[in-house]
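The following block contains the structure, expressed as C-alpha cells.
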C-alpha cells in the first residue's frame, strides 16, 4: 500500500523519503492476482489479450472455412460447436453471423483496445516518464478486473442456447433490439451490452489513470518535449477514450431501454408476422450517429498506441533520431481531433443529405495529411539509418507497410460517391483489416518483442521471431489483398452463402486462397506463442539494455521490483532520441546523461543548458530542451 | 503543471460524465428535429429540486470553508445538511416523476411523440444516479469529518467531494435549462 500514499505529498516528484529498498513481500494473491503494481497489471492485460486474440482468430478461421469451402462437411467441428453444426454438416447460418459479430467485438475491444493500450500504457507510462507506479494503483487494478469481468460475461454468452450476439459488432438496431429478428438478439445481446458497459468502465478507469500519470507524475527534467513518442501516443489515446467511450455508453443505454423497457428511441413501426410491435416513432439512424461518434475515434484508440510503439522501435533500431519529433506529435494531435468529426463517413448510404456527406468527405480526406506525415517520418527515419533488423523492428516496418496500403484504400472509401459502390463490401473489410487491424496487431507484436526483456527479464528467440514475422506478414497480405478485388466487384460482407449468386461464383478460387492464407497465418501465431511462453522461463537472460535504447525503462534493474527504481528515480536531461549524435562516444546517449558529461557532442544551445543542470538534477526541470 | 493526481482524476471523470450527457442531449435535439414530438411542461417539483441542489452547493462550500479553518463542529453541521439536501433532491426528483405520470407523460408511450417523455425520464434518471454516487461520496466525507480524519492539513478528499458535488449541481442546471428551452 505504500505506493498509494506517496501522492499525498505536495511535490509529487519527491519520492525520495519512500525507500524502495524495503521488500513488499506480498502473498500470492496480492502479487499476482489482485496486484496494484502497474507491471503486473500490464502482464495481466497482455495474457488476457493473447487469450482473446486466439479466440478471435479461431472464430475467423471457422467462418473462413464456410466462405472458402462452401461445400465442405464440417461434421468434425461437432465436438466443439455441437448444435451449431446442422445435421447436414453445415455451419448454422445464424451462428455464422454470431461468429462475425464476436470476431469483431473481441478483436476491436478486447484485443486491440484492452490488450494493446492496457498492456503497453500500463507497462510503459510509469517506466518511461519516471514514476514509481500509476497515479492510482487501486483504480488500475479495478480497471483490469472490470475488463476481466467484461470478458467473462462475453465468454458466457458463447454457451447460451440462443448463442452470442449476432447483429454485427456495430449492433445496429432494429436487428440487435428485437429478439424476434435473430436468435442472437435475445440473451446474447443482453450479455453483450452488459459486457460492454463493464468494458467502458474499465477503459475509463484506465484512461483517467494514464492521463493523470503522464501529466502529474513525470520525473525531474521530463518535460513534455522530452517524452518518448510512445507516451505521447498513449496520452492521446487515453484522451480520445475519455471523450468517446461515454458516448457509446449513452448509445448502449438507450438501446437497453428500447430492448428491455419498451421505449422507442431507435425503433419505429415494425411489423413482425403481420403484427405491429408497440414501438413507434424511433430513429435507427440516431443509434448510428451515437455509435460512430465512439466508433470512429475507437479506430484511433486502436491505432495510435501501435504508431507510438513503432516510432520508438524504428528510431531505436535505425540508430537515428526519429525524423520530425514535433511533427509526429502534431500529426497525432491532428488525427485525434479529426477523429471526432468524421464519424458520418460510416453512414454515407443512410440517406444522409449529400451536402452534409460532402463535408464529412472533406474532413475524412484531410486525415490523409497527418497520416502521410507519419509515414514519411517513418521512412525518413529509416533512410540511411544503421538498421538493426530485430523482430520488433521487422514488425514495426510491417506496420508502416500495412498503414500505407490500408490507408490508401481509405481515400477511396472516404469519397461519398465511390462509397455507394463499395459500402459494406469486402473492400471495406480489406481496408480496415489492413489499416487498423493488422497494423495495430503488428504494433502490439512489435511492442511485445521489444519490451519482452523488460517484462520478463529474458530475451525472446530472434530466429523464431523472424519466422513468425515472415509467415504473418505474407499471410496477412494474402488474406486481405484479394479481398480488394472481390470487394470492388460488389461482393457483400457478412453474407453466409454466396454460391447462389451467378456474379460471385467466379470468386470461389480467390475465397479459397484467402481462407487457406488465414489458416496458415493463424497457425504461424503458435510459433509466437511457443516463443513467448518458452522464453518467459527458458529464454536467454536479458542484458540491462539489450537494444541500446535511450529511454528510462532501461535504467531499471533487470527485473524491476515494485517501485521500479531502487533508490532515487533518475532525472532526465535530454530528449529520448539522441542516437548516433555526431561526436558522441557511443551511438546512443541515455536520457539520464547530463549535457555536462557529453561536451564532445553538445550543440551550442545545449552547452548553454549545462549551467542549469545541478548535480542532483533538480534545476533541470525549468529547462525546456530545444531540438 | 503537476497537480494532485487523484484530484486530476476526478476532473477527468467529470469530463467523461459531460460526454455522456452531451451525447444524450444531442440525441434529444436530433430526435426532436425529426418532428413527431410531444411538447411537455416540466413538473413544478423540478423547480423546487433545482433550488434544493443550488442550496446544497452553498452548504457544501460552507462545509469546505469550515474544514479549511478547522471549524470541525461547523463543518459537521454543514456537511450533514448537504447530505440531507442531497437526499431531499433525490426524493424531489422522484416526486417530480410522479407529477409527470399524473400529467400523462410516461417512460413508454403508445404514440410516436411519446419519445420526448422517454428522454425526460432517462436524462433525469441518469443524473439522479450520479447524484446517488455524489451522496455516497458526501457520506464518506461526512464520516471522515466526524472522525477528525479531514482537517485543514488534509483537504484533498474534501476538495474532491466538493468539486464533484458542485459539478453535479452545475450538470443539473444545464439539464434543467436545456429541458426548459427545448421542450
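The values are calculated or read from the model by the stated rules, or taken from the named source; none is laboratory data. It should be emphasised that the depicted structure is a prediction, and the values quoted were computed from it without experimental measurement. Reconstructed Cβ throughout: ideal geometry from the backbone, glycine too, with neighbour counts over all protein chains shown.
Filter the range A:147-163 for residues that are part of a loop (DSSP other than H, G, I, E, B) and within 15 Å of residue A:80 (Cα to Cα) and give the result. So that I can check it myself, show each step before the final result.
We begin by selecting, within the range A:147-163, every residue part of a loop (DSSP other than H, G, I, E, B); these are A:158-163.
A:158, A:159, A:160, A:161, A:163, listed by residue number.
Hey, another quick one. Could you check how many residues of the range A:82-128 are in contact (Cβ under 8 Å) with a residue 12 or more places away in the chain and at positive phi?
So the answer is 1.
Each row is one residue, and each column tells you yes or no for (1) under 23 Å from residue A:302 (Cβ atoms); (2) crowded, with 23+ Cβ neighbours inside 10 Å.
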site: A:317; (1), (2): no, yes
site: A:320; (1), (2): no, no
site: A:329; (1), (2): yes, no
site: A:334; (1), (2): yes, no
site: A:343; (1), (2): yes, yes
site: A:380; (1), (2): no, no
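Something else about it: Just checking, which of A:233, A:238 is within 12 Å of another protein chain (Cβ to nearest Cβ), modelled with pLDDT of 95 or more and assigned to a helix (DSSP H, G or I)? Show your work before the answer.
Working: A:233 fails: within 12 Å of another protein chain (Cβ to nearest Cβ).
Within the list A:233, A:238, the selection yields A:238.
In this structure, is residue B:93 free of Cβ contacts under 8 Å to residues at least 60 places away in the same chain and in contact with a helix residue (DSSP H, G or I) (Cβ under 9 Å, 6 or more places away or on another chain)? Quick ask: steps written out before the conclusion?
Values: free of Cβ contacts under 8 Å to residues at least 60 places away in the same chain: yes; in contact with a helix residue (DSSP H, G or I) (Cβ under 9 Å, 6 or more places away or on another chain): yes.
The answer is yes for residue B:93.
Name the residue, out of B:26, B:57, that is closer than 21 Å to residue B:128 by Cβ and touching a residue at least 60 places away in the same chain (Cβ under 8 Å).
Details: B:26 fails: touching a residue at least 60 places away in the same chain (Cβ under 8 Å).
Within the list B:26, B:57, the selection yields B:57.
So residue A:231 passes all but one of these: (1) surrounded by 24 or more Cβ atoms within 10 Å (Cβ to Cβ); (2) more than 24 Å from residue B:11 (Cβ to Cβ). Which condition number does it fail?
All conditions pass for residue A:231, except number (2).
Go through the range B:145-162 and give me each residue that's surrounded by 17 or more Cβ atoms within 10 Å (Cβ to Cβ) and more than 14 Å from chain A (Cβ to nearest Cβ).
Scanning the range B:145-162 gives B:145, B:161, B:162.
Among the residues of the range A:177-220, which ones are assigned to a loop (DSSP other than H, G, I, E, B) and either within 13 Å of another protein chain (Cβ to nearest Cβ) or at pLDDT 95 or above (or both)? So that I can check it myself, show each step before the final result.
Pass one, the range A:177-220, residues assigned to a loop (DSSP other than H, G, I, E, B): A:177-182, A:186, A:217-220.
The answer is A:217, A:218, A:219, A:220.
Search the range A:257-269 for residues that are facing chain B (nearest Cβ under 7 Å) and crowded, with 21+ Cβ neighbours inside 10 Å and pair each with any residue that is modelled with pLDDT under 90 and not in a loop (DSSP other than H, G, I, E, B) when their beta-carbon atoms are under 6 Å apart and the residues are at least 6 apart or on different chains.
Hits for this filter: A:264/B:115.
Right, something else. Does residue B:87 satisfy being away from chain A (no Cβ under 14 Å), crowded, with 16+ Cβ neighbours inside 10 Å and in contact with a strand residue (DSSP E or B) (Cβ under 8 Å, 6 or more places away or on another chain)? Talk me through it step by step, then tell me what you get.
Numbers: away from chain A (no Cβ under 14 Å): yes; crowded, with 16+ Cβ neighbours inside 10 Å: yes; in contact with a strand residue (DSSP E or B) (Cβ under 8 Å, 6 or more places away or on another chain): no.
Taking the combined requirement at face value, the residue does not satisfy it.
Any residue that is assigned to a loop (DSSP other than H, G, I, E, B) and either closer than 24 Å to residue B:19 by Cβ or touching a residue at least 24 places away in the same chain (Cβ under 8 Å) (or both) - is there at least one of those in the range A:283-290? Explain how you work it out, then say what you get.
Just the residues of the range A:283-290 that are assigned to a loop (DSSP other than H, G, I, E, B), to begin with: A:283.
This time we only want the ones that are either closer than 24 Å to residue B:19 by Cβ or touching a residue at least 24 places away in the same chain (Cβ under 8 Å) (or both), so: A:283.
So far as the range A:283-290 goes, yes, one or more of its residues are assigned to a loop (DSSP other than H, G, I, E, B) and either closer than 24 Å to residue B:19 by Cβ or touching a residue at least 24 places away in the same chain (Cβ under 8 Å) (or both).
crowded, with 21+ Cβ neighbours inside 10 Å, within 11 Å of chain B (Cβ to nearest Cβ), in a helix (DSSP H, G or I) and over 26 Å from the mean Cα position of the chain (by Cα): does that describe residue A:294?
Values: crowded, with 21+ Cβ neighbours inside 10 Å: yes; within 11 Å of chain B (Cβ to nearest Cβ): yes; in a helix (DSSP H, G or I): yes; over 26 Å from the mean Cα position of the chain (by Cα): no.
Taking the combined requirement at face value, the residue does not satisfy it.
For the range A:131-141: of the residues being within 16 Å of residue A:238 (Cβ to Cβ) and in a helix (DSSP H, G or I), which is farthest from the other protein chains (Cβ to nearest Cβ)?
Initially, the range A:131-141 is screened for residues within 16 Å of residue A:238 (Cβ to Cβ), giving A:131, A:134-136, A:139-140.
Subsequent filtering for residues that are in a helix (DSSP H, G or I) retains A:139-140.
Numbers: A:139: 7, A:140: 11 Å.
Filtering the range A:131-141 for residues that are within 16 Å of residue A:238 (Cβ to Cβ) and in a helix (DSSP H, G or I), the one farthest from the other protein chains (Cβ to nearest Cβ) comes out as A:140.
Which condition number does residue B:105 fail, the rest of (1) more than 14 Å from chain A (Cβ to nearest Cβ); (2) in contact (Cβ under 8 Å) with a residue 60 or more places away in the chain; (3) not in a helix (DSSP H, G or I) being met?
Evaluating residue B:105 over (1) more than 14 Å from chain A (Cβ to nearest Cβ); (2) in contact (Cβ under 8 Å) with a residue 60 or more places away in the chain; (3) not in a helix (DSSP H, G or I) leaves (1) as the failure.
Output the residues belonging to the range A:52-81 that are free of Cβ contacts under 8 Å to residues at least 24 places away in the same chain and in a helix (DSSP H, G or I).
Answer for the range A:52-81, where residues must be free of Cβ contacts under 8 Å to residues at least 24 places away in the same chain and in a helix (DSSP H, G or I): A:75, A:76, A:77, A:78, A:79, A:80, A:81.
OK, next. Only one of (1) modelled with pLDDT of 90 or more; (2) farther than 26 Å from residue A:410 by Cβ; (3) crowded, with 23+ Cβ neighbours inside 10 Å; (4) within 13 Å of chain B (Cβ to nearest Cβ) fails for residue A:279. Which number is that?
Exception for residue A:279: condition (1).
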